[in-house]
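Participant: Below is one structure. I have some questions about it.
Throughout, read-outs are computed from the coordinates displayed, never taken from laboratory work. Source: prediction; values computed, not measured. Note that we place each Cβ from the backbone using ideal geometry, even for glycine, and neighbour counts take in every protein chain shown.
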Amino acid sequence: MVGLRDVAARTGVSVMTVSNVVNNRRDKVSAQTFERVQAAIHELDYVPNAQARSLSAGRTCMVGMIVRRPPEDGAALRNPHDALLVDAVERELSEGGLSFVYAARDDVVQAAREMASWQIDGLLVYGSVAEEVDALGRLTSKPIVFLDNHSASAAVEIVGVDDHHGGVLLGRHLGELGHRSILFAGPVHERRGVVGTRLAGLRQGVAEGTGAEPEITTLDVGADSTAVTAVVDEVVRHPGRFTAVVAFGDLLGVPLVGALADAGVVVPDEVSVASFDDQEHCTWVRPRLTSVGQDAAAKGRLAVRRLRGLIEDPQQPHEAVQRLPMELSVRESTGPRRSGRTDP
């Protein structure tokens, strides 16, 4: 079996230098030597001993990630945004020499309790709400970085996107098109989470775009097929009441475009449709879906880098909440409010 000494002999460096490369200690090895040792590792098919690496580092070199999976959503990672996020996290961890333990649960607190038995070095939590932060923190003394959490606590490490400003961008766009009577569909019961924050921004943006108080009706739904049916039924039952429909995410917004067409509702002539996240499949439907986008991969990488910093130096100062910008992509699913509609 190939060992550290074999790699060191091949490259003409010390065993300690090879160990530094294996453990990704780039600050201790020149870039040229790092690449040469990595090449030898691949040529010799050297496989590092995970247990030895853990003993050397004083850590398990293992990071956990918990993703909230609402019960009605079915298979994990069916949302393209979530798949992109988890893939970016895994890649960034792997490049840093860390292993990855993943769990998708509807109860993130229970998932964290189960994951604690793995003796992980740190934890990434995606999809939790503000009320769960304290409970998660009590379960482990290891560092935790939350993704897309909207806790107001100053001590919580959070990486996310600016959901409120994303809502403002979309609301302003719809307001400038003359839309005030809007149906917003999503899990609005989570008022302190991503959806509630997007809704608050949407209200502000519509008011800015129209110069008047918006009339926004909420429909509390998830992202499964029954949610699409519920939204279409609401629009059809109240003809002329809504001039625009906003879905909390593309997982609902994309199928909604086709479902409205099947029900005889012309988009955007009768009702404009818009969404959040701006995934690739927004361009696969006709009309193409207007959506507020985010860089899920960049968010994942940023969260991993922050967690790695906390693992390497738990005493480092707390950083301010890091939120990446969102960007509006206007497409054919939104258009001017039809002239026959009179707002109250």
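Participant: Stretched out fully, how many nm does the piece from E208 to A9 gain, at 0.36 nm a residue minus the Cα gap?
Facilitator: Contour length minus Cα-Cα distance gives 64.8 nm.
Participant: Continuing with this model, one more query. With Rg and Dmax of the Cα atoms in Å in mind, check (1) 24.1, 81; (2) 19.5, 62; (3) 25.9, 90 and report the label derived from this structure.
Facilitator: (1)
Participant: Still on this structure: Using the Cα centre as the reference, give the magnitude of the dipole from point charges on the C-beta atoms of segment 4-48 (Lys, Arg: +1; Asp, Glu: -1; all else neutral), rounded to the nearest 20 debye.
Facilitator: Computed charge dipole of segment 4-48: roughly 180 debye.
Participant: For the pair D87 and W284, how long in nm is the line joining their label points, each one 7 Å along Cα→Cβ?
Facilitator: Rounded to a tenth, the inter-label distance reads 1.3 nm.
Participant: When only C-alpha pairs under 8 Å and at least 6 residues apart count, what is the relative contact order of segment 75-175, in percent?
Facilitator: With pairs under 8 Å counted, the relative contact order is 17 percent.
Participant: Mind listing the phi-derived Karplus ³J(HN,Hα) values for segment 169-177, rounded to whole Hz, using 6.51, -1.76 and 1.60 with θ = phi - 60°, and x for any glycine or proline?
Facilitator: Each residue's phi maps through the Karplus curve to give 4, 5, x, 5, 4, 5, x, 5, 7 Hz.
Participant: If you don't mind, another one. Against the longest principal axis of the chain, how steep is helix 194-210, in degrees 0 to 90 to the nearest 10, with axes from Cα atoms?
Facilitator: Roughly 40 degrees, rounded to the nearest 10.
Participant: Pick from P287, P48, P214 the residue whose mean-square fluctuation is largest in a GNM of the chain, springs joining Cα atoms under 10 Å.
Facilitator: With Cα springs under 10 Å in the chain, the top fluctuation among P287, P48, P214 is at P48.
Participant: Given only helices, namely DSSP H runs of n ≥ 4 each adding -39500 (n - 2.57), what is the per-residue ellipticity at 222 nm of the chain, to the nearest 500 deg cm²/dmol?
Facilitator: -13000 deg cm²/dmol
Participant: Next question. Can you tell me the FRET efficiency between V47 and R338 if r is taken as the Cβ-Cβ distance and R0 is 45 Å, rounded to the nearest 0.05?
Facilitator: 0.10
Participant: Cut-off is 10 Å between beta-carbons; in what order do Y46, Y126 appear when sorted fewest neighbours first?
Facilitator: Fewest-to-most ranking of Y46, Y126: Y46, Y126.
Participant: Hey, another quick one. For a footprinting-style exposure proxy, rank K142, K28, K299 by other Cβ within 10 Å, fewest first.
Facilitator: Ordered from fewest to most neighbouring Cβ atoms within 10 Å, K142, K28, K299 come out as K28, K142, K299.
Participant: Now for a separate question. Starting from the Cα gyration tensor of segment 163-294, take the square roots of the eigenvalues, sort them a ≥ b ≥ c, and report rounded, prolate or oblate (rounded when a/c is under 1.5, otherwise prolate if a/b is larger than b/c, else oblate).
Facilitator: It is rounded, given that a/c, with a ≥ b ≥ c, falls under 1.5.
Participant: Sticking with this one: Starting from 0.36 nm per residue, how many nanometres of slack lie between Q315 and A76 once their C-alpha separation is accounted for?
Facilitator: Value of the extension gain: 82.6 nm.
Participant: Residues of segment 19-50 with the amide nitrogen closer than 19 Å to a label point 7 Å from the Cα of Q119, along Cα-to-Cβ, please.
Facilitator: Taking a point 7 Å out along Cα→Cβ of Q119, the residues of segment 19-50 whose backbone N falls under 19 Å are 49-50.
Participant: Taking neighbour Cβ counts within 10 Å as the exposure measure, how do M16, M115, M326 sort from fewest upward?
Facilitator: The fewest-first ordering by Cβ neighbours comes to M16, M115, M326.
Participant: How large is the charge dipole for segment 163-294, taken about the Cα centre, if only the Cβ atoms of Lys, Arg (+1) and Asp, Glu (-1) carry charge, to the nearest 20 debye?
Facilitator: 220 debye
Participant: Placing unit charges on C-beta atoms (Lys and Arg positive, Asp and Glu negative, everything else neutral), compute the dipole magnitude of segment 67-174 about its Cα centre in debye, rounded to 20.
Facilitator: Result for segment 67-174 is approximately 60 debye, rounded to the nearest 20.
Participant: Over the chain, calculate the relative contact order: mean separation of alpha carbon pairs under 8 Å at least 6 apart, over the residue count, as a percent.
Facilitator: Averaging sequence separation for qualifying contacts and normalising by length gives 16 percent for the chain.
Participant: Please work out whether segment 159-222 counts as rounded, prolate or oblate from its C-alpha gyration tensor, where a ≥ b ≥ c are the square roots of the eigenvalues and a/c under 1.5 means rounded, while otherwise a/b larger than b/c means prolate and anything else oblate?
Facilitator: The shape class here is oblate.
Participant: Evaluate the distance, in nm, between pseudo-label points positioned 7 Å from the Cα of T229 and of S30 along their respective Cα→Cβ axes.
Facilitator: Rounded to a tenth, the inter-label distance reads 6.8 nm.
Participant: What residues qualify as long-range amide H neighbours of I158, i.e. H under 5 Å apart, gap of 5 or more or another chain, H built at 1.01 Å from N?
Facilitator: Amide H to amide H, under 5 Å and 5 or more residues apart or across chains, I158 pairs with F146, Q322.
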